[in-house]
1. Please work out the C-alpha center-to-center distance from the stretch 223-246 to the stretch 265-319 and express it in whole Å.
2. About its Cα centre, how strong a charge dipole does the stretch 326-437 have in debye, to the nearest 20, once Lys and Arg get +1 and Asp and Glu get -1 at the Cβ?
3. May I ask you to evaluate 6.51 cos²θ - 1.76 cosθ + 1.60, the Karplus curve with θ = phi - 60°, for each residue of the stretch 208-221 and list the ³J(HN,Hα) values in order in whole Hz, giving x for glycine and proline?
4. Relative contact order of the chain: what whole-number percent is it, with Cα pairs under 8 angstrom and at least 6 residues apart?
5. Starting with the highest mean, order 209-216, 159-166, 585-592 by the number of other Cβ atoms within 10 Å, averaged over the residues of each peptide.
6. Which one, PRO585, GLY375, LEU296, is farthest towards the positive end of the dipole of the chain when Lys and Arg carry +1 and Asp and Glu -1 on their Cβ?
7. In what sequence, highest mean first, do 137-145, 169-177, 325-333 appear when ranked by Cβ atoms within 10 angstrom?
8. Where does each of 461-467, 182-188, 562-568 land if you order them by average Cβ count within 10 Å, highest first?
Amino acid sequence: MAGTTPNSGRVPKRHEISDAYKWRLEDIFKSDDEWEAEFEHVKELVNKAGDYEGKVGASAENLQRVLSLYEEALRHIDRLVGYAAMRRDEDNQESKYQSMSQRAYTLASQVQSAFSYIEPEILATPEETIWGYLEENPELKVYKHALDNTLRRKNHVLGTREEQILAEVSDLVQEPETIFSMLKYADMRFGMIVDEDGNETEITHGRYVQFQRSHDRRVRRESFEKLYAKYIEHKNTLAATYNASVKADAFFARMRRHESALAAKLHPDKVPMSVYDNLIATVRANIPSLNRYMRLRRDIMGLDELHFYDTYVPLVQDVSFRVPWEESKKIVKAGLYPLGEEYAALLDRAFEDGWIDVYESEGKTSGGYVRDVYGTHPYVLLNYQDSIDDLFTLAHELGHAMHSYYTHKNQPFIYSNYSIFVAEVASTVNEVLLVNYLLDSESDPKRRMYVLNHALDGFRAVMYRQTMFAEFEKIVHERVEAGEPLTAESLSEEYRRLVEAYYGSEVRIDDQIDMEWARIPHFYTAFYVYKYSTGFAAANAIAQGILSGKAGAVRDYLEFLSAGSSDYPLNVLARAGVDMSTPEPINQAFALFDDLLEELEVLAAQFGMRK
């Protein structure tokens, strides 16, 4: 088969790309016929689900058998969904795999529905009876943590009729997010702009990001003003939509007897409120470092005044940092060498054994992700274009892949996923190690500045920006829970106060930025973004321990990767030596930020870029 690797000219069709650069889904199913056979098997398991309804708590044997049957169904549906979805992502124009994917997701819903009686029946059984069953039947011991996690929800589960009502209502409360998405992605048009090459181009959400990275300030300013003009035009609709979403969060928290919407969202991970508050307080204490970076950015860009539309453009213009695929593999392996020989050998497997789908092709899903399928290796989707950003994406996604690999190797299927709270730790550890390697191996000062800028901007986007978002969410939910309405004016005023607190001393706060709250889709999944910040801080602490040669750091980290969801997230992080109940990991991360910033300041002074 022809071996196409170039990243220029027309986008190749999938058959034109060499198999050496494709993932190997045959490791899941050798053929579509084999997939169909397993699909039929899962349908048979669904038909058996009712055999234990009303009998779950009757005996240790019943409890063990129904949990085992449910786990078997989930394990098979995981394979079916994974295979079909990845086949679809290879070429979204292929209707066969669109259909297979839809069928798999429908069957997954049927599995959940068929076994939905298990949790209510466990909760209806006295706890002492459940724990007695574990002593009686050794095969139940593997479910101990899962059962503990179920039983601790007992005070927040209502009666059968009430649960049915909440289930019905849950569909309705998704509507604010649906309305927001339709307005943002389908109905809103932001007009045209003449780009830096003189071409008239429509402003879209994807292109807006690129416009904000343009070295032409006119392009940045005009795209900023035109995009926010449209949000301002729809400000009352957007405020009413978000208000409905926040009210829904408060409603469900009350119904499930939580003290607040925040408490309800923290409960599944067993994270105390103090962790959330500690994150905000510690980041707030480190705002001077952010202001220092913004001041340096203004100086390097040669501006008298830094606006928000100046905060995303790369600081180094005249640097060539092309990284072809074969070179990227060598760099990533060298950068992650501190994780040990076993990890390095696994990277070789990932590169050579059909784990990675490398290049863009016609109809292929954009971006990058990892999908793990229990019983096989993880799969990494890329659209590699030979840039340094692609290099970091490779390291990032391999972090997720190795997290999944170690978890699957060491945990039964029931614990084979890991909480979102820790999901970004492994990927960020890899990025920190890669930055360290690039700085250690790169002597060209302009290229060093490029790497430093990349790392600092990534840090700012997660630790400062996401924490500011988390603080905003807490404030607006508390206002609704106190009976106060959310209007476009009150939301914008609250958001501006936060922006001024975080950026106000060094950035000109453009009036348009008051409406940024209206752009953020994560706000419709409340109290989610703080996990990016805590995970980032934890990863930096882990990486610094590894790089400093701390005794047992690599061993403890691999134990963390191997834990999956076999324990609560804070306990799993503790295995890697990170205590997120204290400010220490967050302050460690900011210490690294200051070190990187200091070197960028020195290099900028060498090139006469400081005022």
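Each value in this text was obtained by applying a stated rule to the coordinates, not by laboratory testing. For clarity, every value in this text was computed on a predicted model and none was experimentally measured. Note: ideal-geometry Cβ built from the backbone for every residue, glycine included; neighbour counts use all protein chains shown.
1. First find each Cα centre; the distance between them is then 24 Å.
2. 380
3. 4, 4, 5, 4, 6, 9, 5, 7, 8, 5, 4, 4, 4, 5
4. Contact order relative to length: 18 percent.
5. Put in order of decreasing packing, that is 585-592, 209-216, 159-166.
6. The residue sitting most towards the positive pole is LEU296.
7. Ranked from most to least packed, the peptides come out as 325-333, 137-145, 169-177.
8. Ranking, from highest mean packing down: 461-467, 562-568, 182-188.
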